[in-house]
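The values are calculated or read from the model by the stated rules, or taken from the named source; none is laboratory data. Computed from a predicted model, the values in this text were never measured in an experiment. Positions of Cβ are generated from backbone atoms using ideal geometry, with glycine treated the same way; all protein chains shown enter the neighbour counts. Surface accessibility is based on the protein's heavy atoms, side chains included, excluding ligands, DNA and RNA. Shrake-Rupley method; radii C 1.70, N 1.55, O 1.52, S 1.80 Å.
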Amino acid sequence: ALKWILVTSFGYLGFNNAKFGRIDAHISVCAFDRQIFLKAAKAAEKCGFRVIHGIVDSIWIQKKGTKQQDYLELKEAIEDMMGFSISFEGIYRWIVFPPSKVNDNLPVVNRYFGAFDDSNIKIRGIETRRHDTPSLFAKFQNEILEIMASGRDIEEVRRLMPKVFEHFERYRQRLKDRSISLEELAFTKRRSKDFNEYQINRKTAENNAMKQLNTEGKLLEGGQILRYVITNYEDRKKSHSKGLNTRNIPVATPLELVDNNTLYDIDRYIELLSQICNSVVEPFR
């Protein structure tokens, strides 16, 4: 509880609409954090480790031929230097830090996935961890990560790719056969504002679903959850190139309005399934 109070307070300090926030305090906290991180990194490098990644509360290091005891000794050295306890999370068989969409040479600080020595998987920031991801996609991504986690190193994971793509084909066929329930395909979005505060003319699935609820007299307020299924989606770039500007793109049906005649857009969901798969297998190609 204390940790989350501090985490929330730290984020709130830098929020421009905070009731008690102060940006100078936020900057100071970040300065202390950077100082601690740099000291820990230098201590690791002094012991022959290579720092491969780091975020606000974690650091990933690498050194060939090391055993767990080497990491524990480094942990104690950093604790003696800093004056407070730190934890040793474990040794990874492999780990991926996906590149930023803005700059391929830089990883996203809070997005990674990997497998520990005992095959347990560590996941942060990818689709299966997001609350708005449909349960089918989260289940699928977890399952292919479990397949990949059996690989002892990067080369073994690469050799497992045919098995991963076989699993993808099974899910793709289920989507084509319409053997998936609409509940499993529903996107979940918590609304931060009332319906009339959104730029409702934007052609997005969320706005389309909210419009339909509004038409039915079910106005969403800030804090409420919207759940919807994509029932008709078309790529706007393709549409404009063909001169097709008359369709409402995309069409999404709120779960409250789903009936026996509601059908999900097979092509769109297969496209999204492919994206979910590629986001974790692309680094191994």
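The table below lists the values:
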item: Listing of helices (runs of 4 or more DSSP H) fully contained in segment 1-117 that carry 3 or more residues being over 30 Å from residue 280 (Cβ atoms) and of a type in the set (Gly, Ala, Ser); result: 23-46
item: Any hit, segment 34-56, residues being out of contact with any Phe, Trp or Tyr (no Cβ under 7 Å at 6 or more places or on another chain), at pLDDT below 80 and either among the charged types (D, E, K, R) or at positive phi (or both); result: no
item: Pair list, Cβ under 6 Å, 6 or more apart: segment 80-92 residue under 20 Å from residue 117 (Cα atoms), other residue part of a strand (DSSP E or B) and open to solvent by less than 90 Å² (accessible area, probe 1.4 Å); result: 90/116; 92/114; 92/116
item: Qualifying residue in segment 122-131 (condition: without any contact (Cβ under 8 Å) to a residue 12 or more places away in the chain and within 26 Å of residue 100 (Cβ to Cβ)); result: yes
item: Within segment 125-145, considering residues that are in a helix (DSSP H, G or I) and open to solvent by 10 Å² or more (accessible area, probe 1.4 Å), the one nearest to residue 231 (Cα to Cα); result: 135
item: Pair list, Cβ under 6 Å, 6 or more apart: segment 217-233 residue within 29 Å of residue 271 (Cα to Cα) and touching a residue at least 24 places away in the same chain (Cβ under 8 Å), other residue among the basic types (Lys, Arg) and loosely packed, with under 14 Cβ neighbours inside 10 Å; result: 225/190
item: Selection from segment 127-145 of residues that are closer than 19 Å to residue 282 by Cα, modelled with pLDDT of 95 or more and in contact with a strand residue (DSSP E or B) (Cβ under 7 Å, 6 or more places away or on another chain); result: 145
item: Qualifying position, being open to solvent by 50 Å² or more (accessible area, probe 1.4 Å), more than 24 Å from residue 130 (Cα to Cα) and touching a residue at least 40 places away in the same chain (Cβ under 8 Å), among 67, 39, 46; result: 39
item: Selection count where residues are in a loop (DSSP other than H, G, I, E, B) and among the hydrophobic types (A, V, I, L, M, F, W, C), scope segment 202-219; result: 1
item: Residue that is farthest from residue 215 (Cα to Cα), among those in segment 254-270 that are open to solvent by less than 80 Å² (accessible area, probe 1.4 Å) and out of contact with any strand residue (DSSP E or B) (no Cβ under 6 Å at 6 or more places or on another chain); result: 270
item: Residues (more than 23 Å from residue 148 (Cβ to Cβ) and surrounded by 14 or more Cβ atoms within 10 Å (Cβ to Cβ)) located in segment 80-110; result: 86
item: Lone unmet requirement of (1) open to solvent by less than 70 Å² (accessible area, probe 1.4 Å); (2) closer than 30 Å to residue 88 by Cβ; (3) not in a helix (DSSP H, G or I) for residue 148; result: (3)
item: Those residues of segment 159-174 which are open to solvent by less than 50 Å² (accessible area, probe 1.4 Å) and more than 14 Å from residue 276 (Cα to Cα), in sequence order; result: 160, 161
